[in-house]
Amino acid sequence: MMVALVGCKNDTFNNSVPRYPVNISIDTRSGVFVHFVPTALNTFVIVNAKGYHYNGEVIPRLITDAYGYGGVLVYIDVNCNYNAWDLACPYCAGRGVLHPCDVDGIFATCPECGEQYDVGSGTAVPQKGLAREPLLRIPLTNSGGVITVRQ
């Protein structure tokens, strides 16, 4: 008599960036974010400990905001889709160091290791080959012009 044993394999992907709380709302209908709409390709908002960074302007964060491990990037990609990622470099985070990426147009670049992540495509995959994983994606919803990013 033969008995087949089937093992379970955990297929859950664990990113090197720790999952810190994120709670951000961006109202695209009013205020400073009024131009952050799907027709504005490669438009982005960065939220970190200092506040909301949008087109060079910094707006104070709300007391209820949470901005992840390395800050949050909310970005409109070339397909007019909204995306959100934690700005911590996964390559550096895997070595126990926090280095938030800088964003310029279509790339997020780590100032420490130099890895570039292609955020313009909506994937945030590494381009130089140092990192083996993309930036940590954060779920978001867009309801009536209010973008809510929450983890």
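The values are calculated or read from the model by the stated rules, or taken from the named source; none is laboratory data. It should be emphasised that the depicted structure is a prediction, and the values quoted were computed from it without experimental measurement. Neighbour counts run over all protein chains shown; Cβ positions are idealised from the backbone, glycine included. All accessible areas refer to the heavy atoms of the entire protein, side chains included, with ligands and DNA or RNA removed. Shrake-Rupley method; radii C 1.70, N 1.55, O 1.52, S 1.80 Å.
Side notes on the structure shown:
- Considering all C-alpha pairs of the chain, those separated by over 23 Å amount to 36%.
- FRET efficiency, Ser143 to Asn79 (Cβ-Cβ, R0 22 Å, nearest 0.05): 0.70
- Adding -39500 (n - 2.57) for every DSSP H run of four residues or longer, then dividing by how many residues the chain holds, sets the calculated 222 nm ellipticity at -500 deg cm²/dmol.
- Computed with a 1.4 Å probe over protein heavy atoms only, the accessible area of Arg29 comes to about 150 Å².
- Alpha carbon centroid spacing (whole Å) that separates the stretch 96-129 from the stretch 29-69: 19
- The chain, accessible area per residue, ligands and nucleic acids excluded (1.4 Å, Å²): 55
- Nonpolar atom fraction for the chain, defined as the carbon and sulfur part of the 1.4 Å probe accessible area, stands at 55 percent.
- Note: relative contact order over the stretch 90-147, using C-alpha pairs below 8 Å and six or more positions apart, is 24 percent.
- Probe 1.4 Å, all protein chains present, accessible-area order of Asp65, Asp27, largest first: Asp27, Asp65
- Dipole size of the chain about its Cα centre, with +1 on Lys/Arg Cβ and -1 on Asp/Glu Cβ: approximately 340 debye, rounded to the nearest 20.
- Calculated P(r) tail over 18 Å for the stretch 28-83, as whole % of Cα pairs: 33
- Within-11-Å neighbourhood charge of Ile106 [Cβ basis; K, R +1; D, E -1]: -3
- Heavy-atom SASA rank of Thr39, Thr28 (probe 1.4 Å, accessible area, largest first): Thr39, Thr28
- With contacts taken as Cα pairs under 8 Å at a separation of at least 6 residues, the chain carries a relative contact order of 23 percent.
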